[in-house]
Amino acid sequence: MKYGILGIGQAGLRHFNAFNSIKNVKLLGFTEFDLKKAKNFEKKYNVKHFKKLEDLIKLNPDFVIIALPHSYRLEPIKVCCKNNINLLIEKPLVLNTQELKIINKYISKKNLIHSISFVHRYRKEVLNAKKIIDNKKIGKVKFILETMISQKNDNLPNWIDNKKISGGGVLLYNAIHSIDKICFIADSKIDYVFAHKANINEKIDVEDVINISLKFKNGILANLIATFLPYFTTPKWETKIFGSSGQIDINIRKGFELISKNKIKKFDYSKYYKKNGLNYCFNIQAKSFIKSLNTKKPPLVNLHDGINSVKIVEAIYNSIRKNKILKINY
C-alpha cells in the first residue's frame, strides 16, 4: 500500500514512524513548507519532496495523511477527495462549520474511507477501561471529570499561537482530544455546552486555559479543565468516570484503577509504555487504518467523529463569547 504525507512537523513525523513500521506500506512522497526540514527528511529517508500536492497525487497513493497547520487543510482535502484518495486527517478536521459546508460534498463520497487522528482513543488504558464500562462493571455512568495540564514546550510549532492559522488555543490543540475521549466513553453525543476561557500568558491571542461543562444526550454530565502553560509544570492527564456502582480513574500513559464493591484493582501499563514508547497509540491507529482500507470497514474513529468535533468546538467558543449555555445542532 502506498501513501503520502502533507506536513512533516511533530505530528507528521509520528505518523510516518507509525506507518513505516508496517510491512508493505510505502511512503511515496511528502510536502513540507519548511525547505530545510524537507531537505533533511528527503535525504535521510530517500523520499521525494513535492512542492505541489497535485504532483504527489500523480503517483496514485492509496491514502494521504494531512498533518498541516489547522487553517491549511481545506484545499488539500478537496483535492484529495476529487482524486478519490482516502484520508487520515490530523485534528481538527477543519476550523469551523463554514469550512465543513465547503468540504461536505467532497469528503462524504461513499467509496472513500476517512479517519481523524484522535489518536488517544487508541491508547491501551482507554480501550480497556471502555470495555469495563461497556460491561457495566461500574454500573451506569453518571459523571466524567477530565483534567488536562500540559506545558507548551519549545518543540511545538510557533503557528499554534497565531489565531488565523490555529483557529484557537488549548481547546483546538489539546482539549479536543479530551472531548473525543469523553464522547467515546459516554457513547453519546453532547447535547449542551457551557464554557469559559482565560489566559495565563497574556501575550498571545489564543486561550491557554479552558473550563467546559458538558451534558450528553443520554444524561451523562462531564466537566473538562485544560491548561497549556508557558512554563515548566508537572503534566497531568486524568479521566475520572463515576458510575452508579463504581468508578474508573484513567491516567494517560500510566494505566487506570477500577474502584467497585469496596475494592481497588490497578491496571499498570508502565512496562507496556517502556517497551513501546509513550506515543505507541500512533502505531495502533496506523494498523487500524490500514485494516479499514483492506476490509472496507469503518475505522474506530470515523468521519462523523471529526465532523461532530468541529460542531462541538464551535459551540464551545460561541458559549464563551455569549456567556450562555448552548445546544449543539448536529
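See the values below:
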{"quantity": "Acute angle (nearest 10 degrees) that the helix 35-45 long axis makes with the longest principal axis of the chain, alpha-carbon atoms", "calculated": "90 degrees"}
{"quantity": "Per DSSP, loop chymotrypsin sites (Phe, Trp or Tyr not before Pro) in the range 1-70 with at most 16 further Cβ within 10 Å", "calculated": "F33"}
{"quantity": "Rounded to whole Å, sorted largest first: equivalent-ellipsoid semi-axes of the range 2-112, Cα gyration tensor", "calculated": "23, 15, 13"}
{"quantity": "FRET efficiency, 1/(1 + (r/R0)^6) with R0 35 Å, evaluated for E75 and I149 via beta carbons", "calculated": "0.50"}
{"quantity": "Neighbourhood charge, 11 Å Cβ-Cβ cut-off, centred on N318 and excluding it, Lys, Arg +1 and Asp, Glu -1", "calculated": "+4"}
{"quantity": "Residue of I212, I182, I204 that the Gaussian network model of the chain assigns the largest fluctuation, springs spanning Cα pairs under 10 Å", "calculated": "I204"}
{"quantity": "Förster radius 51 Å - calculated FRET efficiency between S260 and N84, Cβ distance, rounded to 0.05", "calculated": "0.55"}
{"quantity": "Distance between modelled label sites at N162 and F33, nm, 7 Å Cα→Cβ extension", "calculated": "0.5 nm"}
{"quantity": "Added length on full extension, which subtracts the Cα-Cα distance from 0.36 nm per residue, N279 to K297", "calculated": "4.0 nm"}
{"quantity": "Estimated inter-spin distance, N60 and K271, nm [label 7 Å along Cα→Cβ]", "calculated": "4.7 nm"}
{"quantity": "Computed FRET value (nearest 0.05) for S245 with N96, which takes r as the C-beta separation and R₀ as 51 Å", "calculated": "0.80"}
{"quantity": "Whole-angstrom gap from the range 157-210 to the range 101-138, using each part's C-alpha centre", "calculated": "19 Å"}
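Rule-based calculations on the coordinates, nothing more; no lab input. Quick caveat, the model's predicted, so the values are computed rather than measured. Neighbour counts are summed over all protein chains in view; Cβ atoms, including those assigned to glycine, are modelled from backbone coordinates with ideal geometry.
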